[in-house]
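Take a look at the structure set out below.
The values are calculated or read from the model by the stated rules, or taken from the named source; none is laboratory data. Just so you know, these numbers come straight off a predicted model, no measurement behind them. Reconstructed Cβ throughout: ideal geometry from the backbone, glycine too, with neighbour counts over all protein chains shown. Ligands, DNA and RNA are excluded from the accessible area calculation, which covers all protein heavy atoms including side chains. Shrake-Rupley method; radii C 1.70, N 1.55, O 1.52, S 1.80 Å.
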Amino acid sequence: MRRRVLLGAAAAAVTLAVSDPVRANAAPAGTRYLGMFREQDPAAIAADVKALYGVTPASVMWFDSWASGRAFPVNEAKLLWRRGIMPHYTWEPWNTALAVNDPAQIHLGDILDGAWDDYIVARAREFAAVRQPILVRWAHEFNGNWYPWGIANNDQDPSRYASAYRYVHDLVEASGARNVQWVWAFNNGSSPDEAYNDPAAAYPGDDYVDWVGIDGYNWGFGPSWDPASDHWTSFDATVSSAYAKARDIAPDRPVMLGEFASTEDGGDKAAWLRDMDARLRSGAYPDLKLLTYFDLTKEEPWSPTSSPAALAAFTDWVHRRYMNGRGHELARVAAQYACSRHR
């Protein structure tokens, strides 16, 4: 087992065992955890999810870009933990005001050359100040061509992504943030679908990854990037091949859906959600532990509130007994995998 994972997990377990002896015990093996993203401050996400769907999520996710220069919200992260919710931070190394291929954009070479060291160290010290486990999903969907850190936009060289991931990880750890659980997250399909863009080639290694993340959406009919075509896919079709790839790449790590959702366009969203629920209840995808729903109307009507039928199906799902895992338990999952696979 890795020293960092065990140190972080042990510290969290000691704290939680003192404050909450009931939750100090491991959750049942079939437990899944609900994560939610809404375009709000982290604490507001949790409150609105409770108001809308009647549940407290195990984690809430939010995004920030490096060029924003914003500090990590330490006090909000602590507030989430007091409510039993694990913070999930998607940390994006780019400038959202610039085009992906703008010469002034942030690219992996800049990171490896040390241009962002001061920024990384500042955020790392803020991570450490939380003094509880946090999920950090750095530079996700790297096998797509829509972000500047994508393999396609960095000389089509997957080793550069893996090197940059390790560089950021090591600098964060060296700055004292051993409470971070690192999420290495790929898109469920590579774009372009070329050999160099296989996520496996960009894996930084088990010493650098606590969770393997997958992002995948049911885009339905006529998405913005292909308006004349039908891309409606079932939950299984959305995640199955990516899940198998995750198991092949890192069989000793738990899997999460870092982002997922279904549109209403071109099919029955409520039936899609019910089918997902049935598959998960059946025990399919046993290592898929955290499912973070993208609760937003953006490119498509992703939100569960997009129709009364979808809302009812989503609400039924999040109230299932197997979905009752809490943030304190979620924080232990990665260490449990590391321990169980190395006995």
On the accessible surface of the chain, probed at 1.4 Å with all protein chains in place, carbon and sulfur together account for a percent value of 50
Where a ≥ b ≥ c are root eigenvalues of the Cα gyration tensor, a/c under 1.5 meaning rounded, otherwise prolate if a/b exceeds b/c and oblate otherwise, segment 195-341 counts as oblate
Magnitude of the Cβ-charge dipole (Lys and Arg +1, Asp and Glu -1) of segment 299-343 about the Cα centre, nearest 20 debye, reported as 500
In nm, the gap between the two label points placed 7 Å beyond Cα toward Cβ at Ala129 and Ala312 is 4.8
If every Lys and Arg gets +1 and every Asp and Glu gets -1 at its Cβ, then about the Cα centre the chain yields a dipole, in debye to the nearest 20, of 2000
Given (1) 5, 20, 23, 20, 17, 12, 3, 0; (2) 6, 26, 36, 25, 7, 0; (3) 5, 23, 28, 22, 13, 7, 2, 0 as possible values of P(r) over Cα pairs in 10 Å bins from 0, in percent, the one from the coordinates is (2)
Descending packing, highest mean Cβ count within 10 Å first, for 250-259, 125-134 is 250-259, 125-134
Taking the alpha-carbon centre of each part, the distance from segment 61-102 to segment 246-290 in Å is 24
Using alpha-carbon positions, the gyration tensor of segment 211-284 gives root eigenvalues a ≥ b ≥ c; with a/c under 1.5 called rounded, otherwise prolate if a/b exceeds b/c, else oblate, the class is oblate
Here the averaged projected area of segment 163-229, based on the convex hull of its alpha-carbon atoms and given in nm², is 6.0
Share of Cα-Cα pairs in segment 96-177 beyond 22 Å, whole percent, is 29
With every protein chain kept in place and a 1.4 Å probe, the chain has an accessible area per residue in Å² of 39
If every Lys and Arg gets +1 and every Asp and Glu gets -1 at its Cβ, then about the Cα centre segment 142-211 yields a dipole, in debye to the nearest 20, of 200
Residues other than Arg320 with Cβ under 13 Å of its Cβ, Lys/Arg counted +1 and Asp/Glu -1, net out at +3
For Glu300, the net charge from surrounding residues (Cβ-Cβ under 13 Å; K, R +1; D, E -1) works out to -4
Given Cβ charges of +1 for Lys and Arg and -1 for Asp and Glu, the option among Tyr293, His140, Ser191 whose Cα lies farthest towards the positive end of the dipole of the chain is Tyr293
Scoring only Lys, Arg, Asp and Glu (+1, +1, -1, -1) among other residues with Cβ under 14 Å from the Cβ of Ser159 yields -1
Which of Lys245/Lys298; Lys269/Lys289; Lys78/Lys245 exceed 30 Å between C-alpha atoms? The answer is Lys78/Lys245
Under Stokes-Einstein, segment 279-322 at 10 °C and 1.306 mPa s, with its Kirkwood radius over C-alpha pairs, diffuses with a coefficient in µm²/s of 133
